[in-house]
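Structure, as structure tokens:
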Amino acid sequence: MTSWENPSPFIFDGPVPPDKLIGRHQECETLRRWVRAGRFTALVAPRRFGKTSLIGKLAAEAERADRIPTVVVDLYDVASITDLVIRLERAWAEHTPHRLRSRLAETLAGAQVGVNVAGSGFTMRLAERPDTDPLPALHTLLDLPAKVAAKNSRVLVVLDEFQSLVHVDGAEAIIRSHAQHQRETASYLFCGSEPGMISAAFDDQARPFYGQVQTFRLGRLDPAELAKAITAGMALSKRDVTAVLPDLVAASEGHPQRAMLLAHLLFSQLKPGGIATAESLRSALDAALDRVDPEARSVLSGLDFGSRKTLRAIAEYATPISARAGRTLDLPKTTAADAANRLLRLGIVEREEGSRRWKLVDPLLARWLRERYATRSL
Ligand SMILES: Nc1ncnc2c1ncn2[C@@H]1O[C@H](COP(=O)(O)OP(=O)(O)OP(=O)(O)O)[C@@H](O)[C@H]1O
Ligand SMILES: [Mg+2]
């Protein structure tokens, strides 16, 4: 087992600091170009593909190389306009660089809407006056790029977990009404993980941002880059995984978090100076399946019966409508086709580019289904 003195170098939980990111140079450069051009951009990727990590890298590079400060707002599960005000206030307090803080403080103090540069104003205001209308504060916060950006410069506003806003009536329209007048002073990056919800926000004529946003899809990690980074991480802590590296990388299918989890679990099988064998990789994969067990069950329990069967069909046969899966799982083609589209919108499955093959986004969920509920010999 890993000891506390020698923790695994592979981060498998939460955002990765910019200097620890594997790859993503190209992605960061492209996003920086779009940011400098003042575009509205949607950064879309399945869960745990590294969106928040990439935002951290983009923020660091935009500040260092372009002098563009980045305000990152976490909208996860935002519940109301009041909640949105609190998130925005905290984001500005946390991310405004030193050189702009006095202008921020002045602007907020002048507005007299309860928000402050420390990020705690609005919750204090609510404690004093629970019936405070949050709208004036929201307008003030959304106006900040125009008020605070330095001359001939701009601010990047990142709205992470943008899909959560769908539950807050009117919020998207209010944000758009400010953003559209800030082409000279702000760039906006909207991030989200459920393809269905993101395309609904930007491709639906009835929604405020319809047709105004350019989409950037964050893909899997390059196998060669992954292999290099894993070898380096192992070597640093005196483990040699050369013999199983191709199988480890193949098992991760380039899924960033799954790759790091598998590397961590393989690391945990080895002592310093240890050399990985097929058996250590097998143990790491078993440990990974144990670890994803509760999550896999929770994903399945959130799906209807037809979708669960379709997911199994895709995991085993790489298509929702295989004749064998249809017979074995009692899955009619029409049910499978509808369910496959639902799973696609939820970001649970995807279609491989340029081929007819379907696959699960999460290689460990696919393996779990294939091993726990096999209907064909492995
Ligand atoms: N470029 C990368 N290099 C190394 N590991 C990465 C990279 N991108 C993502 N990861 C792995 O994925 C995990 C999740 O990263 P992150 O939180 O940035 O993803 P996310 O897409 O924002 O996830 P969520 O959808 O849950 O918000 C990290 O803990 C790390 O294990
Ligand atoms: Mg994230």
Report task. Can you confirm whether the range 17-37 contains a residue that is part of a loop (DSSP other than H, G, I, E, B) and away from ligand 1 (no atom under 16 Å from the Cβ)? Result -> yes
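Please determine, by comparing only the residues of the range 220-278 that are among the basic types (K, R) and under 26 Å from the mean Cα position of the chain (by Cα), which one is surrounded by the fewest Cβ atoms within 10 Å (Cβ to Cβ).
Step one: of the range 220-278, the residues among the basic types (K, R) are 220, 228, 238-239, 258, 271.
From the residues that got through so far, the ones that are under 26 Å from the mean Cα position of the chain (by Cα) too are 220, 228, 258.
Values: R220: 20, K228: 14, R258: 23.
Result: K228.
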Query raised in the report: Restricting the first residue to the range 114-125 and requiring it to be more than 16 Å from H95 (Cα to Cα) and of a type in the set (S, T, Y), which pairs with a second residue that is crowded, with 20+ Cβ neighbours inside 10 Å and modelled with pLDDT of 95 or more meet a Cβ separation below 8 Å and a spacing of at least six or different chains?
Result: T123/I86
Requested in this report: Go through the range 195-207 and give me each residue that's surrounded by fewer than 18 Cβ atoms within 10 Å (Cβ to Cβ) and either over 26 Å from V361 (Cβ atoms) or in contact with a helix residue (DSSP H, G or I) (Cβ under 6 Å, 6 or more places away or on another chain) (or both).
Outcome: G196, Q205, A206, R207
Query raised in the report: Can you tell me which of A91, A42, A105, A65 is within 16 Å of ligand 2 (Cβ to nearest atom) and part of a helix (DSSP H, G or I)?
Result: A91
Report task. Quick one: which helices (runs of 4 or more DSSP H) lie wholly within the range 129-204 and hold at least 1 residues that are more than 16 Å from ligand 2 (Cβ to nearest atom) and at pLDDT below 95? Result -> 144-148, 171-179, 195-203
Query raised in the report: Checking T41 against (1) under 17 Å from E161 (Cβ atoms); (2) of a type in the set (S, T, Y); (3) out of contact with any strand residue (DSSP E or B) (no Cβ under 6 Å at 6 or more places or on another chain); (4) crowded, with 18+ Cβ neighbours inside 10 Å, which single condition isn't satisfied?
Result: (3)
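Yes or no: the range 19-36 includes at least one residue that is out of contact with any Lys or Arg (no Cβ under 7 Å at 6 or more places or on another chain), within 12 Å of ligand 2 (Cβ to nearest atom) and assigned by TED's automatic domain parsing to the domain that holds T96. I'd like the intermediate steps shown before the answer.
Start the filter on the range 19-36 by keeping residues that are out of contact with any Lys or Arg (no Cβ under 7 Å at 6 or more places or on another chain), which leaves 19-20, 22-23, 25-27, 29-36.
The next check asks that each one be within 12 Å of ligand 2 (Cβ to nearest atom); those that pass are none.
There is no residue in the range 19-36 that is out of contact with any Lys or Arg (no Cβ under 7 Å at 6 or more places or on another chain), within 12 Å of ligand 2 (Cβ to nearest atom) and assigned by TED's automatic domain parsing to the domain that holds T96.
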Report task. State whether the residues of the range 200-218 include one that is without any contact (Cβ under 8 Å) to a residue 40 or more places away in the chain and acidic (D, E). Result -> yes
Query raised in the report: What number of residues in the range 38-82 are of a type outside the set (S, T, N, Q) and within 16 Å of ligand 1 (Cβ to nearest atom)?
Result: 25
Requested in this report: Run L88 past the list (1) at pLDDT below 95; (2) crowded, with 20+ Cβ neighbours inside 10 Å; (3) not hydroxyl-bearing (S, T, Y) and report the number of the one that doesn't hold.
Outcome: (1)
Query raised in the report: How about the range 303-334: which of its residues are at pLDDT 95 or above, over 30 Å from the mean Cα position of the chain (by Cα) and of a type in the set (S, T, N, Q)?
Result: T334
Requested in this report: Six or more apart or on different chains, Cβ under 9 Å: which pairs go from a residue in the range 47-69 that's touching a residue at least 40 places away in the same chain (Cβ under 8 Å) to one that's of a type in the set (S, T, N, Q) and part of a helix (DSSP H, G or I)? Could you list them?
Outcome: R47/Q257; R48/Q257; F49/Q257; G50/Q257
Query raised in the report: Taking P15, is it away from ligand 2 (no atom under 16 Å from the Cβ), surrounded by fewer than 18 Cβ atoms within 10 Å (Cβ to Cβ), within 30 Å of T231 (Cα to Cα) and not assigned by TED's automatic domain parsing to the domain that holds I174?
Result: no
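The values are calculated or read from the model by the stated rules, or taken from the named source; none is laboratory data. As the structure is a prediction and not an experimental result, all values here were calculated from the model. Note that each Cβ is placed from the backbone with ideal geometry, even for glycine, and that neighbours are counted across all protein chains shown.
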